[in-house]
Amino acid sequence: MTDLIMTAPMPPKVMEDLAEHFTIHKLWEAEDKAAFLAECSQVEFMATGGHSGCDAALMDALPSLRTISSFGVGYDGIDVKAAHERGINVTNTPDVLNDAVAELAMGMMLALCRRIVDADKFVREGKWPDGGYALTGELTGAKVGILGLGRIGKEIARRAQVFKMQVAYHGRNKQPYEPYEYYSDLTEMAKDVDWIIAVVPDNPATRKLVNRDVLHALGPNGAIVNLGRGTLIDEEVMLEMLKSGELGGAALDVFDQEPKMSPEFWELPNVVLSPHQGSATVKTRIAMGDMVVENLIRAKDNRPLLSPIG
Ligand code: 8YV
């Protein structure tokens with residue numbers, strides 16, 4: 001059977017499907033990584049994930065590598081330029097996770113706005129008999145600015161419209177056939193909206209795109225929801241502004257150094273936190289896994305890849 005190197009475990013069904021076609025070599029289980037990699041010098045295929053990725057050094061340790069199949073739409077963990085320079089194809093799992101991520105974006109925005117997590121705690125702590133919970137904000141009629149109107153951003157926009165929100169977006173270019181208001185300047189959009197939902201990928205151009213100016217423009221009545229990458233926001237500045245009330249709130253599924261974050265976040269009443277769960281539904285993870293497997297089978301059979309990058 002054809003050999004496959006895996007950098008991190010994947011859901012059981014993906015492991016089973018891969019095992020039908022490949023002999024799996026598990027990098028994460030190797031005690032002596034160098035010896036393991038030396039043994040894998042003939043391996044042509046790799047399955048990796050958004051977090052474990054594959055850097056140029058790992059590619060160099062695997063000189064026969066020709067396809068990297070990544071579990072996830074974001075491929076910031078993979079040095080794609082280095083891969084292409086070495087003639088290695090890279091694939092990801094776009095589209096199949098759009099709905100799941102958009103759902104969580106709406107859920108986190110609702111949770112923060114209607115204080116669902118805190119209200120649940122209030123009931124569990126037996127406080128209700130002593131008086132009702134404080135009144136909350138409402139999404140109806142509020143204006144949301146989507147940072148990154150890509151495939152996931154468009155699904156969020158559709159859902160926000162159903163919630164009777166006004167929808168705007170910021171991105172590098174105005175999209176001529178989208179009905180939403182376009183802002184070429186992110187700070188200008190932040191001034192006008194109540195919410196920003198960030199869903200852009202990590203790359204040098206997006207790192208700390210949401211800086212102090214943007215957060216200041218969003219202001220004490222505004223809130224940010226991030227399901228893209230933690231690197232997008234200046235996290236230290238955001239924390240400071242959430243503490244001082246200069247920024248109204250944040251619903252965060254991703255963090256700069258995840259799974260690590262400042263424990264100060266845990267104490268804040270104006271945040272909702274989630275452990276990078278955007279695509280983490282049974283259905284979506286199976287669909288992502290199917291793409292990882294299909295890309296590898298195609299690569300092995302020298303057939304066109306399902307979702308090549310670049
Ligand atoms: C996953 C993601 O958590 O697709 C992405 O870019 O961030 C998530 O779907 C991750 O890639 C799993 O490895």
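The values are calculated or read from the model by the stated rules, or taken from the named source; none is laboratory data. Owing to the predicted nature of the structure, the values given are computational and were not obtained by experimental measurement. Neighbour counts run over all protein chains shown; Cβ positions are idealised from the backbone, glycine included. These accessible areas exclude ligands, DNA and RNA; they are computed on the full protein's heavy atoms, side chains included. Shrake-Rupley method; radii C 1.70, N 1.55, O 1.52, S 1.80 Å.
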**Asked** Roughly what angle does helix 282-300 make with the longest principal axis of the chain, taking Cα atoms, 0 to 90 degrees, to the nearest 10?
**Response** 30 degrees
**Message:** If you count only protein heavy atoms and use a 1.4 Å probe, how large is the accessible surface of T23, to the nearest 10 Å²?
**Reply:** 60 Å²
**Message:** To test your reading of the geometry: what angle, between 0 and 90 degrees and rounded to tens, separates the Cα axis of helix 12-21 from the longest principal axis of the chain?
**Reply:** 20 degrees
**Given K81/K143; K127/K283; K81/K154; K208/K243; K81/K260, the pairs whose alpha carbons are separated by over 30 Å** = K81/K143; K127/K283
**Request:** Give me the distance between the Cα centres of the range 200-229 and the range 244-310, rounded to whole Å.
**Result:** 17 Å
**Request:** Find how much the distance from Y133 to A8 grows on full extension, using 0.36 nm per residue of separation minus their present alpha carbon separation; answer in nm with one decimal.
**Result:** 40.6 nm
**Asked** Between A30 and K260, what FRET efficiency follows from the Cβ-Cβ distance if R0 is 35 Å, with the result rounded to 0.05?
**Response** 0.90
**Request:** Set the Förster radius R0 to 22 Å, insert the Cβ-Cβ distance between I116 and Q277 as r into 1/(1 + (r/R0)^6), and round the FRET efficiency to 0.05.
**Result:** 0.90
**Prompt:** Taking the chain, how much of its Cα-Cα pair set, in percent, is spaced more than 24 angstrom apart?
**Reply:** 57 percent
**Request:** Write down the percent of antiparallel bridges among all DSSP beta bridges whose residues are both part of the range 98-273, to the nearest 5.
**Result:** 5 percent
**Request:** Leaving ligands, DNA and RNA out of it, report the carbon-plus-sulfur percent of the accessible area of the range 98-273 at a 1.4 Å probe.
**Result:** 51 percent
**Item:** Fraction of alpha-carbon pairs over 26 Å apart in the range 98-273 - percent
**Value:** 25 percent
**Asked** Taking Cα atoms, how many degrees apart are the long axis of helix 98-113 and the longest axis of the chain, rounded to 10 and kept between 0 and 90?
**Response** 30 degrees
**Complete:** Per the 1/(1 + (r/R0)^6) rule, R0 = 41 Å and r from the Cβ atoms of L305 and R158, FRET efficiency to 0.05 is 0.90
